[in-house]
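A short reminder: the numbers here are calculations on the coordinates, not readings from a lab. All figures in this text were calculated on a predicted structure; none of them were measured in a lab. Every residue, glycine among them, receives a Cβ derived from its backbone with ideal geometry; neighbour counts consider all protein chains shown.
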C-alpha cells in the first residue's frame, strides 16, 4: 500500500460520499480516510489485456451463478418426482430468489467498504458448495438448502454487474453491463435446451449441478489469482469499517425482504387470505418500514441505503431508475410466463420443437443488448433510448394478446421484438441505476439495481402466474359444456376436464369418450387458455406503461459518460491511478 500522504493528515480535500452526505458520514470520512491520491485517470485511460481477461472471468462467474435457476426451471418437477415430493417443486426457484434478493443489497453496499474481491470469490465458493448439495441431494430439503446457498453465492457473484463496468471507461458503462448480462443469456438459452435431455434416468440430472460446481470452482480460482481490485473502495481502513458497518440495517433489510418474498411465494399456491400469506406480508412490510426509519433517523456513519441518494434531484438520480428497472423486469417476466405457456399449450409439436421455441426470448434479449452496447455510444440519447426500448417491449408484449393456436409465426415475431426491447431497456435501466451514486457508493446503487431486478422477478412470477391461472380457470367451464354438447354425460364430461391436460390418448381411454367429444373439449380447452393468456397480456401492459412514464423523469446521464476509468486492478500497470488502494 502506498505511503500515507500529507493530504490524509490535513484532509484539505475530503472526497465526496455522494450527493448531500450527512454530517455523521462526513465526520466518519474525515476520521477514517486511508490513502488519498489524486486520480490520474482521464482521456489517456486505457483498458489493458489483463483487465479484459479479468472482465471475462467475472462475466463467466456471474453466468455460472445463474445456471441453477435456468436448469431447475425446466426439470424441477422431474427432480421433485424422483425424490418423492412433486408438490414441493414450487419452492426451488422461490428459495433462490429470496436468498439472492436478500443478500445482494447487503453485499453490494458493504463491498464499497471492504472491496469486491472477497465477496465475489466467496460467492463462487458458496456456489460450489450449493450446487454439490443439490447434485448429491437425496431429498427435497437438501435441494432447497442447496438453492438457498446458491442464491447467497449468486448474489455475491452478481456484484460483477457493477464490478465489470467500473473497470471500463464511464462512457462504456452500458457495454460493461451488456457483457455481464450476455453470460446470463447464455444460461437462459442453453439451460432449458440442455436440461431437457438429461431426464432420461433418475441420476443424469445430477451432473447438471456437478458441472456447475466445476465451473464456479474454476472461475473462483482464476479470480483468486488475477482479480485484485482496491481493498478500500471508500478509502476507509477495514478495522474502522468493521465498527461502522450498518449491521442493524442489513439485518432488517434481509429479514424484511425474505419475509415479503416468502409471503409472495405462498400466495402463488395458497389463497391470499390464508394466515400464512397474511402473516408473512404483514411482518415483512413492518420490517421494511422499520428498515426505512432506521436508515432515515439513526446516526449511521456507513448507512446501508442512505436516504439522501433517493431524494437527490427530486429522486430523478436514483429513485426513478430503481422504479423503472423493477418495472422493466416485472414486464419481461410476465411475457416469459405468457410465452412459456403458449409454447406448451399452443405451438410445441414435439419436445425438440418446444426447445427451439424456448430460444426466441433469449435471442431477442441478446439482439437488444447488442444493440444497446453498439449503438448506445453512437446515438447518445440515453433517456430517449430508455423510453423507446421500454415502449417497444410494451407494444409487442401487448400485441401477444392477439395470439391464438393458429398464429404461431406472428406470436414468435411479437415475442422476439418484445424481448429485444427488453434487452435494450434492461441494459439502459441498470446503467442509469449505477450512475445514481458516486463511485465510492457504486455498491449501493448497483445493489439496488439487483434488488429491483430479482425482487421484481419474484413479484412478477406470483402476480402473473395467479392472473393466468385465474383467467384459465374461469373459462374451463367451456370444456365440459363442449363435451356435453358433443354427447357426453355430465360425469364423462367431468372426467374429460380432469384428464385433458394429460393428452389425447389419456382422454380417449376414458369409457364412453368418443373422438368427437375429445375434439370439441380440446377446442374449448385451447379457447380457455387463449382467453386466460389474453387477460394476462392486457394486465401486463400496465407495468410497461408505468415504466415508460417513469422514463420521462430520468436524469440525463450524458455528462457522466466520460473517458475516465474509475477503478484499476492493483496488480496491473495502472494501479497508481487508483484514488484509493
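For the reader, a short list of remarks on this structure follows.
- Cα-Cα pairs of the range 241-356 separated by more than 18 Å (percent): 70
- Here residue 560 and residue 286 are evaluated by their C-beta separation; at R0 = 45 Å the FRET efficiency comes out at 0.75.
- Take every pair of alpha-carbon atoms less than 8 Å apart whose residues are at least six positions apart; their mean separation over the length of the chain yields a relative contact order of 23 percent.
- Helix 275-297 vs. the chain, principal-axis angle (Cα, 0 to 90°, nearest 10): 20
- In a fully extended conformation the segment linking residue 46 and residue 81 would gain 7.3 nm over its present Cα-Cα distance, using 0.36 nm per residue.
- To the nearest ten degrees, helix 515-551 and the longest principal axis of the Cα atoms of the chain are 20 degrees apart.
- Estimated from the Cβ-Cβ distance and a Förster radius of 22 angstrom, the FRET efficiency linking residue 353 and residue 204 is about 0.50.
- Prolate/oblate/rounded label for the range 273-429 (Cα gyration tensor, a/c 1.5): oblate
- Calculated [222 nm] ellipticity per residue, helices only, for the chain: -23500 deg cm²/dmol; basis is -39500 (n - 2.57) per DSSP H run with n ≥ 4, divided by all residues, nearest 500.
- Here the spin labels are modelled as points 7 Å beyond Cα on the Cα-Cβ line, and at residue 573 and residue 73 they lie 4.2 nm apart.
- Extension gain from residue 510 to residue 473, taking 0.36 nm per residue of separation minus the Cα-Cα distance: 11.1 nm
- Cα gyration tensor, the chain - rounded (a/c under 1.5), prolate or oblate: prolate
- Computed packing ranks the peptides 249-260, 120-131 as 120-131, 249-260, most packed first, by mean other Cβ atoms within 10 Å.
- Projected area, mean over directions - the range 317-554, Cα convex hull, nm²: 13.6
- Residue 141-residue 501 FRET efficiency (beta carbon distance; Förster radius 30 Å; 0.05 resolution): 0.55
- For the listed peptides 410-416, 352-358, a ranking on the average number of other beta carbons within 10 Å per residue, highest first, reads 410-416, 352-358.
- Each semi-axis of the equivalent ellipsoid for the range 246-301 is √(5λ) with λ an eigenvalue of the Cα gyration tensor; in descending order they amount to 27, 9, 6 Å.
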